[in-house]
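Visitor: My questions all concern the structure below.
The values are calculated or read from the model by the stated rules, or taken from the named source; none is laboratory data. Not measured: the values here are computed from a predicted model. Here Cβ is always computed from backbone atoms with ideal geometry, including for glycine, and neighbour counts include all displayed protein chains.
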Amino acid sequence: MLVNNAGMGMRTVNPRFLSEPQPFWEVTPDGFRDVVETKVAGCFLMAREVVPLMLGQGGGRIVNISMNEETMVRRGFVPYGPAGAGVEALSRVMAADLAGSPVAVNLLLPGGATRTGMIPDETPADFRARLLDPAVMGPPIVWLASEQAAGVHDRRIVATAFDPATACG
């Protein structure tokens, strides 16, 4: 199983991205490239290396981690949002390319802002209190690795809404 969860947050491009959104034209080309290369190219490069091994060993599972659509199109979230959209599109293409093979590809997103080291230090306490615990990602990842998820392919799963009883439907 491969879980692609590489990422660089907005904090690397704009340390005050939550309180002072930066318009896209003020983002440096290097900052843009760094985030896109880490998130999108990172998923591509890892899967490119692992898929031939999975195919040769009779199968496997890939879970690409992304974000909700609201974050993808949020004001001041270039390049983080477009990179997440790129991961989502890449996941769909990977799933199409692997359709009918023993390798499943799915997309997983937390379902909201998550408590990580990517949140600015000056973020208000009330906002921090609403952040999701990163552990919300664990149950769906474990399920996607299990026999119950055999045949689950090309799905977009939201961790906060995850219910293994209905995940196959």
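Visitor: Please determine whether any residue of segment 17-25 is of a type in the set (Phe, Trp, Tyr) and modelled with pLDDT of 95 or more.
Guide: Yes - at least one qualifying residue is present in segment 17-25.
Visitor: On the basis of being modelled with pLDDT under 85 and more than 20 Å from PRO164 (Cβ to Cβ), does GLU122 make the cut?
Guide: Yes; evaluated as a whole, the condition is true for this residue.
Visitor: Evaluate the following for ALA6: is it within 15 Å of the chain's Cα centre (by Cα) and in contact (Cβ under 8 Å) with a residue 12 or more places away in the chain?
Guide: yes
Visitor: Could I ask something else about it? From LEU53, LEU18, which residue is crowded, with 16+ Cβ neighbours inside 10 Å, more than 19 Å from the chain's Cα centre (by Cα) and either without any contact (Cβ under 8 Å) to a residue 12 or more places away in the chain or not in a helix (DSSP H, G or I) (or both)?
Guide: Testing whether each residue is crowded, with 16+ Cβ neighbours inside 10 Å, more than 19 Å from the chain's Cα centre (by Cα) and either without any contact (Cβ under 8 Å) to a residue 12 or more places away in the chain or not in a helix (DSSP H, G or I) (or both) leaves just LEU18.
Visitor: When the residues of segment 56-74 are filtered to those that are touching a residue at least 60 places away in the same chain (Cβ under 8 Å) and over 11 Å from the mean Cα position of the chain (by Cα), which remaining residue is surrounded by the fewest Cβ atoms within 10 Å (Cβ to Cβ)?
Guide: Taking the candidates together, the pick is ARG61.
Visitor: Do you know which residues across segment 127-169 are part of a helix (DSSP H, G or I), among the aliphatic types (A, V, I, L, M) and at pLDDT 80 or above?
Guide: If we filter segment 127-169 for residues that are part of a helix (DSSP H, G or I), which is where we start, we get 127-129, 134-145, 147-149, 159-161.
Still in the list and also among the aliphatic types (A, V, I, L, M): 129, 135-137, 141-142, 144-145, 149, 159, 161.
Hits for segment 127-169 are ALA135, VAL136, MET137, ILE141, VAL142, LEU144, ALA145, ALA149, ALA159, ALA161.
Visitor: Still on this structure: Only residues in segment 29-44 that are part of a helix (DSSP H, G or I) count as the first member; pair them with residues that are surrounded by fewer than 16 Cβ atoms within 10 Å (Cβ to Cβ) and hydrophobic (A, V, I, L, M, F, W, C), Cβ under 9 angstrom, at least 6 apart or cross-chain, and list the lot.
Guide: PHE32/PHE24; VAL40/ALA89
Visitor: While we're here: Taking the stated definitions as given, is PHE77 within 24 Å of ALA129 (Cβ to Cβ), touching a residue at least 24 places away in the same chain (Cβ under 8 Å), aromatic (Phe, Trp, Tyr) and surrounded by 14 or more Cβ atoms within 10 Å (Cβ to Cβ)?
Guide: So PHE77 passes the test.
Visitor: Let me ask something else. Does any residue of segment 110-119 turn out to be surrounded by fewer than 15 Cβ atoms within 10 Å (Cβ to Cβ) and more than 14 Å from the chain's Cα centre (by Cα)?
Guide: yes
Visitor: Is it fair to say GLY81 is in a helix (DSSP H, G or I) and at pLDDT below 95?
Guide: yes
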